[in-house]
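Enquirer: Sending over a structure as structure tokens; questions will come in a sec.
Just so it is clear, none of the values below were taken in a lab; they were calculated from the coordinates. All values derive from a computational prediction rather than experimental measurement. Here the Cβ is made from the backbone with ideal geometry for all residues, glycine too, and neighbour counts use every protein chain on show.
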Amino acid sequence: MEMKKIADNPELIEEAAGWFHTKWNVPTEAYLESMEESLQGNSAVPQWYIVMDGGRVIAGIGVIDNDFHNRKDLRPNVCALYVEEAYRCRGIAGEMLNFVCEDMQKKGISTLYLITDHTTFYERYGWEFLCMVQGDGEAQLTRMYVHKMGNKK
């Protein structure tokens, strides 16, 4: 298995955008636009990462400004973390989270946020519950987590 940054592998944009679309039902065009922006290198965000096994995408994660919630001040956001079911419980998600945190820190970003319905998963990787936020178009509040680089557990 190999972690790949889309910004360093532009030939994978179409495949990665299609894969993320099938997992999160966000239009492929939105992923393509964000990934194309990451190629420009004008800023640290957005960034997209995938894990490949035997030439196919088996996991992915992104970093965007805001992951569709009302706290626009809490940014950037880790988003779209997904590991194919057959590959779960192997530490892949944790490796991706650590890789993203290290990559963002190299780009001068010391704090990341994410929203999730999970209640214990992210704590294993040094993330801390911050507050509840209102997701765009959502009736229920969603959990917001924060990770300050250097707070790994």
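Enquirer: Please identify, among Gln140, Gln105, Gln47, the residue showing maximal mean-square fluctuation in a Gaussian network model of the chain using a 10 angstrom Cα cutoff.
Expert: The residue that fluctuates most here is Gln140.
Enquirer: Cβ under 14 Å from Asp103's Cβ, Asp103 left aside: what net charge do those residues give with Lys, Arg +1 and Asp, Glu -1? Walk me through the numbers before you get to the answer.
Expert: Numbers: positive: Lys4, Lys5, Lys106, Lys107; negative: Asp8, Glu95, Glu102.
That works out to +1.
Enquirer: Of the residues Leu74, Leu114, Leu141, which exhibits the maximal mean-square fluctuation in a Gaussian network model of the chain defined by a 10 Å Cα contact cut-off?
Expert: Maximum among the listed residues: Leu141.
Enquirer: Right, here's the next one. Given only helices, namely DSSP H runs of n ≥ 4 each adding -39500 (n - 2.57), what is the per-residue ellipticity at 222 nm of the chain, to the nearest 500 deg cm²/dmol? Show your work: numbers first, answer last.
Expert: On the way: 3 runs with 40 residues, N = 153.
Calculated at 222 nm, the ellipticity per residue is -8500 deg cm²/dmol.
Enquirer: Test of understanding: ordering Cys89, Cys79, Cys131 by Cβ neighbours within 10 Å, fewest first, what list do you get? Present the calculation step by step, with values, prior to reporting the outcome.
Expert: Values: Cys89 8, Cys79 23, Cys131 12.
Neighbour counts put them in this order, fewest first: Cys89, Cys131, Cys79.
Enquirer: Please compute the net charge surrounding Phe129, taking Lys and Arg as +1 and Asp and Glu as -1 over other residues with Cβ under 10 Å from its Cβ. Intermediate results must be reported in sequence, preceding the final value.
Expert: Values: positive: Arg143; negative: Glu123, Glu128.
It works out to a net charge of -1.
Enquirer: What is the order of Ser43, Ser110, fewest Cβ neighbours within 10 Å to most? List each step's numbers first, then the result.
Expert: Numbers: Ser43 14, Ser110 11.
Ordered from fewest to most neighbouring Cβ atoms within 10 Å, Ser43, Ser110 come out as Ser110, Ser43.
Enquirer: Sticking with this structure for a sec: Looking at (1) 22, 18, 17; (2) 29, 20, 14; (3) 28, 17, 12, which value of semi-axes √(5λ) of the Cα gyration tensor in Å comes from a calculation on the structure shown?
Expert: Of the listed options (1) 22, 18, 17; (2) 29, 20, 14; (3) 28, 17, 12, (1) comes from this structure.
Enquirer: Let me confirm the definition first: pairs of Lys residues in the stretch 2-109, 8 or more apart or on different chains, C-alpha distance under 20 Å. How many are there? Let's see the in-between values first.
Expert: Values: Lys4/Lys23; Lys4/Lys106; Lys4/Lys107; Lys5/Lys23; Lys5/Lys106; Lys5/Lys107.
Eligible lysine pairs with Cα atoms under 20 Å apart amount to 6.
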